[in-house]
Every structure is written in C-alpha cells, then in structure tokens.
Amino acid sequence: MILPLTKIPTPSLHEPSQALTKDEILSPKIQKLIQDMIPTMYREKGIGLAAPQVGVNVKLCVIGKEAIPEDFFPKDSTKDLVLINPTYKRTGKRVVQETEGCLSVPGKQGKVKRYRQVHVDALDEQGNPLSFEAGGYLAHVAQHETDHLNGIVYIDKAETIWEIE
Ligand code: ZN
C-alpha cells in the first residue's frame, strides 16, 4: 500500500519519535508499516523515508538501494536497508556539504553539511542489532533519515535553500 506523505508545516515532523521495542518491531502493525514504506519511498522517488514522513512518529526509517554500497549486503541481495532506533556518531574529521532534498519539503533543495564518515547503531527489521560504518552517500542519507526521527528536517540545518521546478 502506498502511504500518503506528511509534509511541512506539519508539527509532528518536528517532534522526536518513539523508540520501538523488539516486540513492537515484530508486531503486525510495524511489519506492515515497513512493507508499505518501501514501495512508498520508491514510488515517490525518495532515497530514504522515515516513519514520521508517513505520519507515524516511531523510530523507523528505510534507505533505498541507490544509497547502499554493492558490498553492504551478501552478494545478489536486493534488500533495502531498514533502520530502527538508529543513532550515529562521527568517526572521521571530515565534514562534507551536499545538496539534499526531502519528500516532506516539496519543491526545494538545500546545501547541508554532514559528517563524511559515521558509525551507525540500530536494530534491523527483526529487532536484531545492526551496526555499520558508512561513508559517502550512505553516511549522508543515514544522517538525514536519523535526524527525521529526532524531529529534525534538513531545512533546519541547511546553509542555503532554493526552489526547484
Ligand atoms: Zn527527508
């Protein structure tokens, strides 16, 4: 099922989301939410999607294949990345500035500074621990999506924002 998107200025986009327990992750409600968020992300041509963007303030986000390095999952896997209760910390000195957009902020893009390299701790869609080092594009997207779960939309951090067609 394709879910309707929540867009600014909806106040819930700026509220921190609830962490999920393993039992909650395995519940039919959350499993269905994951199953619906993935096609919603692709349909809307997003690279990632966080649950608050579909009106559910829980700490769950999905990241699409476009941002996942080829060697991230076992060979020939076509999985998307599901992160629950994710946190990140920087593991390098470098900060990079990239152009970002967001499905919750239609018609705009902006330049955002992010850590070049981060360590991410999360749970997967089965509630099992998932930790990884991310660099480049995945690092950028993981920070953008994790921020959503803490009530931060990229325009809150952007150095410049402009309109697109
Ligand atoms: Zn976003």
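The values are calculated or read from the model by the stated rules, or taken from the named source; none is laboratory data. Keep in mind that what you see is a predicted model, and the values were worked out from it rather than measured. Note that we place each Cβ from the backbone using ideal geometry, even for glycine, and neighbour counts take in every protein chain shown. What goes into the accessible areas is simple: the full protein's heavy atoms, side chains included, and nothing from ligands, DNA or RNA. Shrake-Rupley method; radii C 1.70, N 1.55, O 1.52, S 1.80 Å.
Hey, among the residues in region 97-146 that are away from the ligand (no atom under 14 Å from the Cβ) and among the hydroxyl-bearing types (Ser, Thr, Tyr), which one's nearest to residue 6 (Cα to Cα)? Per the criteria, the residue is 137.
Of everything listed in (1) farther than 21 Å from residue 123 by Cβ; (2) within 16 Å of the ligand (Cβ to nearest atom); (3) not in a helix (DSSP H, G or I), the single unmet condition for residue 66 is (3). Just to be sure before I move on: is residue 84 within 14 Å of the ligand (Cβ to nearest atom) and surrounded by 18 or more Cβ atoms within 10 Å (Cβ to Cβ) in the structure I sent? No: the conditions fail for residue 84. All conditions but one from (1) assigned to a helix (DSSP H, G or I); (2) open to solvent by less than 40 Å² (accessible area, probe 1.4 Å); (3) farther than 20 Å from residue 141 by Cα apply to residue 36; the one that does not is (3).
Identify all residues within region 43-63 that are part of a strand (DSSP E or B) and more than 19 Å from residue 105 (Cβ to Cβ); write none if there are none. 58, 60, listed by residue number. Out of all the residues in region 13-22, is one or more outside any loop (DSSP other than H, G, I, E, B) and within 16 Å of the ligand (Cβ to nearest atom)? Looking through region 13-22, at least one residue is outside any loop (DSSP other than H, G, I, E, B) and within 16 Å of the ligand (Cβ to nearest atom). Restricting 79, 75, 89 to those that are farther than 23 Å from residue 44 by Cα, more than 16 Å from the ligand (Cβ to nearest atom) and assigned to a loop (DSSP other than H, G, I, E, B) reduces the list to 75.
Do the conditions hold for residue 10, that is, is it out of contact with any helix residue (DSSP H, G or I) (no Cβ under 8 Å at 6 or more places or on another chain) and either within 15 Å of the ligand (Cβ to nearest atom) or open to solvent by less than 30 Å² (accessible area, probe 1.4 Å) (or both)? In short, yes.
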